[in-house]
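Laboratory data are not the source of any read-out in this text; all were calculated from the coordinates shown. It should be emphasised that the depicted structure is a prediction, and the values quoted were computed from it without experimental measurement. All Cβ positions, even for glycine, are placed from backbone atoms using ideal geometry, and neighbour counts span all protein chains on display.
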Amino acid sequence: MAAHPAAKAINTQEITDKARRDLLQLLEAVRGKKNLVLERSLAGTIGLFVKFSTLQEYGVDKVFFLENHNVDSSQRNVIFLLRGDNAKTVRTVAEQIKLVRSESKIDHEFSIIWIPRRTRVSDMVLEEHGVLGEATISELALYFVPLEQDLMSLELESSFSDLYLRKEPTSVFASATALMRLQKQYGLFPRILGKGDNAKRLADLLQRMRSEEDVNASSDPSKTYLTSFGLTPSSVVENLIIIDREVDFPTVLATQLTYQGLIDENFGISNNQIEVDTSVLGGAPAPPQQQSGTAQPPTAATKRKVPLDSSDKLYPSLRDANFATIGPTLNQTARRLQSDQQNIKQQDQSIADLRSFVSKLPSYQAEQASLKTHTGLAEEILKVTRSEVFSAMLEVQQNLLAGSDPSTVHENIEELIARDVPLKTVLRLLCLESCLSNGIRSRDLESFKRQILQAYGFQHILTLADLEKIGLLVPRESHRGYLNPIAGAAGQTATDWNAVRKSLNLWIDDVQETDPNDTAYVFSGYAPLSVRLVQCILQKSYLSGLVNTRPGSTPPTGGGWKGFEDTLTRIRGATVDVTQKGHDADASHARKTLRGSKEGPKVSVVFFLGGVTYAEIAALRFVSGQLEKSSGRRIVIGTTHVISGNRAVGAAVEKRKFVE
Amino acid sequence: MSKATADWTRVGDRFYRRTQLYDSIFDPDLELENYIVTGAPYSGAVALYRDESKIYSFRGSQTAKSSIDLYSCAGKLIRRITWDKGRIVAVGWSEEERLLVVTNDGTVRSYADLQSDFSPFSLGHDAEEYGVRGCKFWSTGFVALLGNNKLVAVTRYDEPRPQALASAPVGEVISWTVIPPEYTSSRSVEVLLAVDGTVHVVDAAECEDRGLQAGPFRHISVSPNGKFISLYTDDGKVWVISSDFQDRLSEYESKVKTPPKDLQWCGNNAIVLAWEDEIHLVGPNGAASKFDDYNSFVHLLPDIDGIRILTNTVCEFLQKVPDSTEEVYRVGSTSPGSVLLDAVEQLDKKSPKADDNIQMIRSNLDEAVDVCVRAAGQEYSVHRQKQLLKAASFGKSVLDLYNSDDFVDMTEVLRVLNAVRFYEIGLPISYEQYIRLTPERLVQRLVNRQEYLLALKVSEFLHLPVDRIYVNWARQKVRSSSTDEDSLCEEIVRKLNGKRGVSFEEVAHAAYDEGRGKLATELLEHEPRAGKQVPLLLSVGEESVALDKAIESGDTDLVFYVLLNLKKKMPLSSFFRTINSRPVATSIVESSAIDQDQELLKDFYYQDDRRVDGSNLLLSEALAAGDINAAADKMKMAAKLLRDSKDYTAQVVALEDAQKLLRFQEAFEKDLNEPFVGLSVNETLSKLIKTGNMKRSQKVQTEFKVSDKTFSWIRLRALVSRRYWIELEELSKGKKSAIGWEPYFNEILGAGNTKLASLFIPKCTHLAMAERIEMWLKCGLANKAGEEALKAKDRNALEELRTKATGSAQLDIDRMIAQLQKGR
């Protein structure tokens, strides 16, 4: 199918609805009451698009986690809902089916729903265990899950470690499939731009899939034949920008300073939810319709789930702001609510006034509840950010980002190690240094390693080895990077941060946090490279204006990377720039004429391969807002998952201890 | 030309028509009464096989061999399947013309697309033991009734999985039928069993008695839309009820003693009862009509919008006259459509009445045109199709504005319908069926009949993709052709190349199934999708090519799949060699082996000389080990792997330190009766200090060369956490500190001991005066802060302090300010 006729822009709600419909249909296909077995990591994801109560309406009796190995035989129907990529999961399923079958007296009906697709390996493993014939197998093509209207995630928690630690391209393939589905709905991305070796791989895969799609569509009888007439360039999407996380590790490692970013750093947002002590929220009673309609078992009494999405009254206006401005904003809101309340109490009310007040009451109460929650959270975060350790850490980080000589901060880092700050904090700083200066001098690195092993345990030999594999913490080598002119050719393996910092203005000294004028506000000075790369494409004149303050210099024009080629060669990884045309040039041309001058608002899809941080999301929303004002365009963000520095470093951190 | 209404029959207030589709269908010698006949939906092929329960005359040896014969509706033999495997219980069709043959022992053979070989599957253990008594088919599945009254359902044929339904009541099943899943409220198939006097409804979960009393029911049948059920009682009555058993809709008394041979629905509003050579058509409200002009045995082949009647001599289609047709042709009709048709006739006669007619229906002429177009679609006679289209065209020409899309579409569809209805093709498909079947599947049916040319023509005419036709042709070619492989390959490639969307993989697969491995490989090279080549490459033994193709496709599942296969087939060393040169394969093996087969990984690292990885693997095992000795042993091995090279000295030292630490901790545990194992060096130090074992902590410090700075921090934090104020006070008397004195101040202050904290302020000599003032203030000692300012002779600072200070401190500061003034 070519461009969706009614679609003005990418509609994420559609994706949510479809996912829900598909899942419920699969559940309905199994007659009667059923027990549902989930992978733990999927529970939250599924909670994003379907409520537990809805599942119950569709006959789900109990929900089990696969990891708990406690599936019971209380229902005849047992449905497994799992990701099929992982052979280990498949094996667990096979074992549990065998177990339930042997222990139970009733004749069970097993169904397995694979997400997002049924794999050959799963079939093979099930066959080896002799249960392939025992279960009805179906698949739920769940790729993108919208987290927000402008944010779609594949929710592949392991994609960072898969890509960079294990070098396994599973998530590249998953991303390509997801983007391909997007293209099928909205038409081809007219232009694919990207930076990084994996971005190149993804772009190549998209090209390949496109050529294979012709054959696929025709040999799949279930699809409509219309698809086989080839895709034409989209009228909705302007371009796809792929950012490989590897290109920009420092942004992940730096501590996010937006409200949402800090919530993530401190509480860990997963599937738009955080879990906090009730004491943090001022002991507020749970709201009547608790949003956590997921399949989680009731949590401990002291913990509460807090949904963080646009259904909240205040959150959308707070989340992307720099944390420094949160306090005043909350104060203002509190005052406004208070004055509203007083108005009601003081003035003599006519019945009409009273009625209008009563009708507003629910929203007013929601706002008040939200205010209470966010005040609690902000206070909790403030406790952290005011601590001495935090400011010591931040000082090191900002110095590194601003480009000062890394050896000046070594002493501070050593002190932090001695003070037993969390391992991840230390590792983030060291990795940040390593990434920004293409490695740490061998002697210094060895000394740091020794201190870390002594402070946090020798099991972290493995942690350090993994960090080196990922490329986050490496010794500086003479032949690496920009110092060697020969290595400066295509496929740059290291980024010349000093040059790039200058040419893309990555550090802004006089940053405005309250009324931001540049994306640098999200890190109080550092403008994330990933977002700058997007600006290279979408905000050329702004960016070049930042760098060339001389009057009279003309901003670069043209599409794609034009005007910034020089800078790009100084950044590691391949550069992607592909223009996609339809098979039938005439047809697409005709379509263009038909559309005429009524060029609707265009969307740029920015896809982060290997994860995106909330700070970057905030920065991109800021860019999107500016674009919308100037030209009516906007940005939709796609990603494999949402990442933070702790999660990135955590991919390497060894969690076991000796002799437990 | 006969009148359009000639074959109409009035039943109640409706008209039904019998359209003769073909004549002289079968050899007159064929004793149709001895055969069981089933037809594929949408006027598809007809399967005949001998009814074993009937006696038949012996006709020499060739007919004695039993077979299933597939004919077109016009009686053209499409395929003969000789049968020698057990007793056939049921033969049925699926929507896509897949033939299913079920035998007594529960074996099902499924013949796709009329041509290819079958794929078998079994209905399971119960069917084998008790035997299958009968099957009822719907468009995508069937239900089998077993000898023990158990019901087994198969809901899909691409991956058949027999599922037992809820257990049915005991007792003889007199008649039964199924409601397809798409029409039930539960969305799973429901079976209606007539047992004793009542009907039971059985689905996957439960069995329910509907509590009817009028049984036993000889026949039971469900209407094509699943809304109505017809029942034939023992006393010759036909009942029609709604399928939820709530409403009784009509009743008909057949007044015939012998129960009918068959009872089927004709569309959704009439029922046909068939005896040997006579049928009754029962319409709504019990109105009925008899047809007894058949001179041989009658078979009923129900379809969605009517019923095909098959005898030796004719094939007829019996249906309710479509509304549009009735409107146009009914005798005495004054509808606009009928008037328009008349106008065209008048026009042919050059009569001025033509214009009168047009003027008469002027106001609803567009409606008349629509009706004529629709009625044309319902006609089998080309003459009448033309007549109606002409009328429509005439009406159209009079109209100022008319959207001709429907008209054009209809002419196109009629061309296709007429082409496939031709007796040599034998697909007497109605317009309704065509719409339901879809053009794509009609083309597929043509391909099934090897009518490639017509299929191509139709596809091109309707702008449908043609790749499937070519692929099917090529597959058939590969199967049947005996020419040598090279020229065959060349011929196929020549024909198929450059066609969009052609899948060579399917052709190659057909070649492989025929045992032509070389041809398969050759053809496979033309397959554009790397991933699709993989399974076949694996089966022909081209493993490393398969691996490369899998990697090329980017699909890790496929790569993993190939790797698993390779590992089974190859010796380990060559398996390692194969993956070694392919980084993606290596990483997939590594990451999968990590959680299932560490030994494999060890071998791999050893063979590949990846020492650090090997050593780390051992360290990981050490972590998993349950006791100190085992862990230490593993670490020893890990260190041994690295010892030969001097690149890894640091890691060797770390591994040795780790063992040393474990030994220390073991000793501490014994001596101090406190858990230590598992702690890091720093944590061990901290714990020793907290438990007051300063000596031991110093020993650990020197042993592990912990820097003074680090040690000072650990000591400070440990002491503060335990509120060991005396020790801290002792420290304040020290001359030098590796970390300066400020941390002492801060930590102690943080613990709330201002008095002790203040002891450290004078030691922070390197700090600026203002900071020290701040420190004093934090301890609540404003006068001390004043002294500090006084020392620095900073009047402003003093003034400021004065505003903050209270009580006696304020007086002190006043005094100091005075002192400062005096001093000036």
Output the relative contact order of chain B, whole-number percent, from Cα pairs under 8 angstrom with separation of 6+ residues.
6
Taking 22 Å as the cut-off for C-alpha to C-alpha distance, list the pairs among A:Lys167/A:Lys502; A:Lys383/A:Lys424; A:Lys303/A:Lys383; A:Lys424/B:Lys736 that go past it.
A:Lys167/A:Lys502; A:Lys424/B:Lys736
Once you place label points 7 Å from the Cα toward the Cβ at B:Leu399 and B:Ser381, how far apart are they in nm?
2.6
What's the percent breakdown of Cα-Cα distances in chain B across 20 Å bins, shortest bin first?
11, 26, 21, 14, 15, 11, 2, 0
Among A:Lys469/A:Lys655; B:Lys778/B:Lys804; B:Lys733/B:Lys763; A:Lys34/B:Lys136, the pairs whose Cα-Cα distance exceeds 20 Å are A:Lys34/B:Lys136
To the nearest 20 debye, what is the magnitude of the charge dipole of region B:322-402 about its Cα centre, counting +1 on the Cβ of each Lys and Arg and -1 on the Cβ of each Asp and Glu?
300
Between A:Glu388 and B:Met694, what FRET efficiency comes out of the Förster formula 1/(1 + (r/R0)^6) with R0 = 30 Å and r the beta carbon distance, rounded to 0.05?
0.65
Which longest run of chain B has no exposed loop site in it, a site being GluC sites (Glu not before Pro) in a DSSP loop with at most 11 other beta carbons within 10 Å, and the site itself not part of the run?
B:425-824
When the charge dipole of chain B is computed with +1 on Lys and Arg Cβ and -1 on Asp and Glu Cβ about the Cα centre, the Cα farthest towards its positive end, among B:Pro743, B:Ala631, B:Ala757, belongs to B:Ala757
Of all trypsin sites (Lys or Arg not before Pro) in region A:316-400, which ones are in loop regions per DSSP and have a Cβ with at most 13 other Cβ atoms within 10 Å?
A:Arg386
Give me the Debye-computed log₁₀ of I(q)/I(0) at q = 0.04, 0.07, 0.08, 0.09 Å⁻¹ for the protein assembly as shown, equal point scatterers on Cα only, no solvent, two decimals.
-0.37, -0.98, -1.19, -1.40
Could you give the distance between the Cα centres of region B:404-458 and region A:84-121, to the whole Å?
45
Taking R0 as 25 Å, what's the FRET efficiency between B:Asn580 and A:Lys655 from their Cβ-Cβ distance, rounded to 0.05?
0.25
Calculated from DSSP helices alone, with each H run of at least 4 adding -39500 (n - 2.57) and the total divided by the residues of the protein assembly as shown, [θ]222 nm to the nearest 500 comes to -14000 deg cm²/dmol
To the nearest 0.05, the calculated FRET efficiency linking B:Thr438 and B:Asn295 through their beta-carbon distance, R0 being 25 Å, is 0.10
Compare the Cα positions of A:Gln459, B:Trp138, A:Thr89 along the charge dipole of the protein assembly as shown (+1 at Cβ of Lys, Arg; -1 at Cβ of Asp, Glu; about the Cα centre) and return the one farthest towards the positive end.
A:Gln459
Checked against a 27 Å limit on the C-alpha separation, the offending pairs among A:Lys449/B:Lys567; A:Lys195/A:Lys581; A:Lys51/A:Lys195; A:Lys657/B:Lys567; A:Lys18/A:Lys602; A:Lys98/B:Lys150 are A:Lys449/B:Lys567; A:Lys51/A:Lys195; A:Lys657/B:Lys567
Projected label distance in nm at A:Asp123 and A:Lys502, using a 7 Å step from Cα toward the beta-carbon:
5.9
Would you list, by chain and number, the aspartates and glutamates whose Cα falls below 16 Å from the Cα of B:Lys518, excluding same-chain residues fewer than 8 positions away?
B:Asp484, B:Glu485, B:Asp486, B:Glu490, B:Glu491, B:Glu505, B:Glu506, B:Glu527, B:Glu542, B:Glu543
Using DSSP to call loops (not H, G, I, E or B), can you name the GluC sites (Glu not before Pro) in region A:16-111 whose Cβ has at most 16 other Cβ atoms within 10 angstrom?
none
Post the alpha-carbon centroid distance, region B:520-546 to region B:125-162, in whole angstrom.
37
For a label point 7 Å along the Cα-to-beta-carbon line of A:Arg20, residues of region A:32-51 with backbone N under 14 Å
A:46-51
Out of B:Ser808, A:Ile113, A:Leu394, whose Cα points farthest toward the positive end of the dipole of the protein assembly as shown (charges: +1 Lys, Arg; -1 Asp, Glu; placed on Cβ)?
B:Ser808
Loop-located trypsin sites (Lys or Arg not before Pro) in region B:615-705 whose Cβ has at most 15 other Cβ within 10 Å (DSSP)
B:Lys705
Relative contact order for region B:322-402: what percent, with Cα pairs under 8 Å and sequence separation of 6 or more?
32
Region B:322-402 - Rg and Dmax from Cα coordinates, angstrom
11.3, 31
Suppose every K and R has +1 on its Cβ and every D and E has -1 on its Cβ; what is the size of the dipole of the protein assembly as shown about the Cα centre, in Debye to the nearest 20?
4340
